[in-house]
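The structure appears below as structure tokens.
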Amino acid sequence: MKTAFFSTQSYDKYYFDQVNVNYQNELVYFEASLNAQTAVLAEGCDAVCIFVNDKADAATLEKLAEIGIRNIVLRCAGFNQVDLLTAKALNFKVLRVPAYSPEAVAEHAVALILTLNRKTHKAYNRVREGNFSLDRLTGFNLHGKTVGVIGLGKIGLAFARIMHGFGCKTIAYDPFELDVPAYIQLVSNEELFKNSDVISIHCPLNESTQHLINENSLQEMKDGVMLINTSRGAVIHTAAAIEALKTGKLGYLGIDVYEQEEKLFFRDLSESVIPDEQILRLMSFPNVLITAHQAFLTLEALTEIADTTLKNLQQIEKGQASLNSVLK
Ligand code: NAI
């Protein structure tokens, strides 16, 4: 199938070209992200392939439909960037990669915890400059601490498994009844906020989770709590998190996702004036660690993403029903 890739990065092209040898699709790569203005680039293609910050809103979907495209493959798990009601009304097929490597994301969440706690990023820079002082590098033992997991799906479970290995007490909130390993205690959101030393967010972004972390929920948390978000930026109300950092309520914040990330992430803005006051404020805190949506970025995950996406295109071409469809 002739497929237009939006928001293409060098690693997308590398892994998709490698895996596509087995599928023989015609892949057309664009650096531009998908929106109502850029949709026209896909003219002549059978499908578009998009990522987390592309916009498949109503206006974009209508433009795609106008040029005869009704197939979208998402090379990611989350699908909050697609207007599902419009997609359904316009008869689109929308397929995603529901699971590629939960461990890739879970391990990155753990990397954020360890870096924030043991300050290895600061130690690395100090030693390179000949500063061997340990002043202000004190961390805390993870062993024995309570770690709260919000969203106990594939990634949340992988994360809890690792933290259990560290000797942490793992508690979790998920609105759905789950059969979970004995070392995870299911609790209410309120109990999780109240008792956790570290909270890690692994739920999808939807109406029930948007700004789940807000002024009120932050107040319910332990003083000095560590908050980690590798899910979606808008689960945290950024302004409330900034206030909580200022008062010390939030002791550490590690984020791989950010509410306004579509204007920033996946670009080199090192020679630009950063057009976002909130991220600049976040960057100014010594106890905040930001990575630019890289939790998925392992070679295992990229290979799996390419393979499932190309399989999804194959199923669309053959008119087969797919378990990876997001439209029920
Ligand atoms: P999943 O669908 O396996 O699990 C999500 C879990 O969240 C489910 O058990 C669901 O019941 C639960 N959930 C739903 N609403 C909730 C709520 N209000 N409160 C608490 N839990 C709730 O999804 P998976 O694969 O574990 O991915 C989770 C999220 O991680 C994705 O939706 C995506 O946003 C994000 N993600 C981030 C990546 C990154 O590179 N930073 C890469 C891949 C996913």
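The values are calculated or read from the model by the stated rules, or taken from the named source; none is laboratory data. Fair warning: this is a prediction, and the values are worked out from it, not measured in the lab. Because the Cβ atoms are built from the backbone with ideal geometry, glycine has one as well, and the counts that use them run over all protein chains shown.
Annotation: of all residues in the stretch 232-282 being within 20 Å of ALA106 (Cα to Cα) and either of a type in the set (Gly, Ala, Ser) or more than 16 Å from the ligand (Cβ to nearest atom) (or both), the one that is surrounded by the most Cβ atoms within 10 Å (Cβ to Cβ) is GLY254. The residue pairs whose first member lies in the stretch 294-307 and is away from the ligand (no atom under 11 Å from the Cβ), whose second member is part of a loop (DSSP other than H, G, I, E, B) and of a type outside the set (Gly, Ala, Ser), and whose beta carbons are closer than 6 Å, counting only pairs six or more residues apart or on different chains, are GLU304/TYR100.
Every residue, every condition in (1) out of contact with any strand residue (DSSP E or B) (no Cβ under 7 Å at 6 or more places or on another chain); (2) assigned by TED's automatic domain parsing to the domain that holds THR115; (3) not polar (S, T, N, Q), yes or no:
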{"residue": "SER196", "(1), (2), (3)": "no, yes, no"}
{"residue": "ASN216", "(1), (2), (3)": "yes, yes, no"}
{"residue": "VAL225", "(1), (2), (3)": "no, yes, yes"}
{"residue": "LYS246", "(1), (2), (3)": "yes, yes, yes"}
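When only residues in the stretch 38-94 that are among the polar types (S, T, N, Q) and modelled with pLDDT of 95 or more count, which is nearest to ASN324 (Cα to Cα)? I'd like the intermediate steps shown before the answer.
As a first pass, look at the stretch 38-94 and keep what is among the polar types (S, T, N, Q): 38, 53, 60, 71, 80-81, 86, 91.
Of the ones still in play, those that are also modelled with pLDDT of 95 or more are 38, 60, 71, 86, 91.
Values: THR38: 26, THR60: 22, ASN71: 13, THR86: 19, ASN91: 16 Å.
Filtering the stretch 38-94 for residues that are among the polar types (S, T, N, Q) and modelled with pLDDT of 95 or more, the one nearest to ASN324 (Cα to Cα) comes out as ASN71.
Going by the conditions given, is LEU289 crowded, with 19+ Cβ neighbours inside 10 Å and more than 16 Å from the ligand (Cβ to nearest atom)? Considered against the rule, which asks whether it is crowded, with 19+ Cβ neighbours inside 10 Å and more than 16 Å from the ligand (Cβ to nearest atom), LEU289 comes out as no.
Number of residues in the stretch 281-304 that are in a helix (DSSP H, G or I) and either basic (Lys, Arg) or more than 24 Å from GLU259 (Cβ to Cβ) (or both) equals 6. Scanning the stretch 222-231 for residues that are within 11 Å of the ligand (Cβ to nearest atom) and part of a loop (DSSP other than H, G, I, E, B) yields THR230, SER231.
Restricting to the stretch 253-276, count the residues that are in contact (Cβ under 8 Å) with a residue 12 or more places away in the chain and farther than 17 Å from SER231 by Cβ. Give the steps one after another, and end with the answer.
Keep residues of the stretch 253-276 that are in contact (Cβ under 8 Å) with a residue 12 or more places away in the chain, which gives 253-266, 275-276.
Now narrow it down to the ones that are farther than 17 Å from SER231 by Cβ: 263-264, 266, 275-276.
The number of residues fulfilling the criteria is 5.
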